[in-house]
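Just so you know, all these numbers are worked out from the coordinates, no wet-lab data involved. This one's a predicted model, so the numbers in the text were calculated from it and none came from an experiment. Cβ: placed from backbone, ideal geometry, glycine included. Neighbour counts: every protein chain shown.
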């Protein structure tokens, strides 16, 4: 049984978690607009995990699954920067000993320059840590 099958089996026991499986792609949907989507996809090179626009590639299944669990937990939050209502940059943050620490950032190469920037912070709490 592969990673996606194992995760789907566990999520199916959680009526509070909505998810979609499309072949080798699993999307865990946010509870509300205060959360973000977590996606796990099998790729030719390994695994890709994304939290909305943020993403990271993994060579091993175990590391990808750990990242999915982290994104579903209350120890993770996602900050996004928007211009003209369009997201342009995402940073993952981890709560370590009660303090939020910035992690990796993903951003677009091209975005509106003249517009004001709005920062949004969202988090999931499917897994309590």
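See the values below:
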item: Percent of Cα-Cα distances greater than 26 Å, calculated over the chain; result: 23 percent
item: Global form of the stretch 3-72, assessed from the alpha-carbon gyration tensor, a/c cut-off 1.5; result: oblate
item: FRET efficiency for residue 59 and residue 104, using Cβ-Cβ distance with R0 set to 25 Å, rounded to 0.05; result: 0.95
item: Overall dimensions of the stretch 76-123 as given by Cα atoms, namely Rg and Dmax in Å; result: 11.9, 38
item: Sorted by Cβ neighbour density within 10 Å, fewest at the top, the residues 31, 128; result: 128, 31
item: FRET E, pair residue 111, residue 20, Förster distance 22 Å, beta-carbon r, rounded to 0.05; result: 0.20
item: Taking 95, 76, 67 and counting other C-beta atoms within 10 Å, the order from fewest to most; result: 95, 67, 76
item: Mean Cα-pair separation over length for the chain, i.e. relative contact order, pairs under 8 Å, 6 or more apart, %; result: 20 percent
item: Cβ-Cβ FRET estimate between residue 27 and residue 5, R0 fixed at 22 Å, reported to 0.05; result: 0.90
item: Proxy reagent accessibility, fewest Cβ within 10 Å first, across 39, 105; result: 105, 39
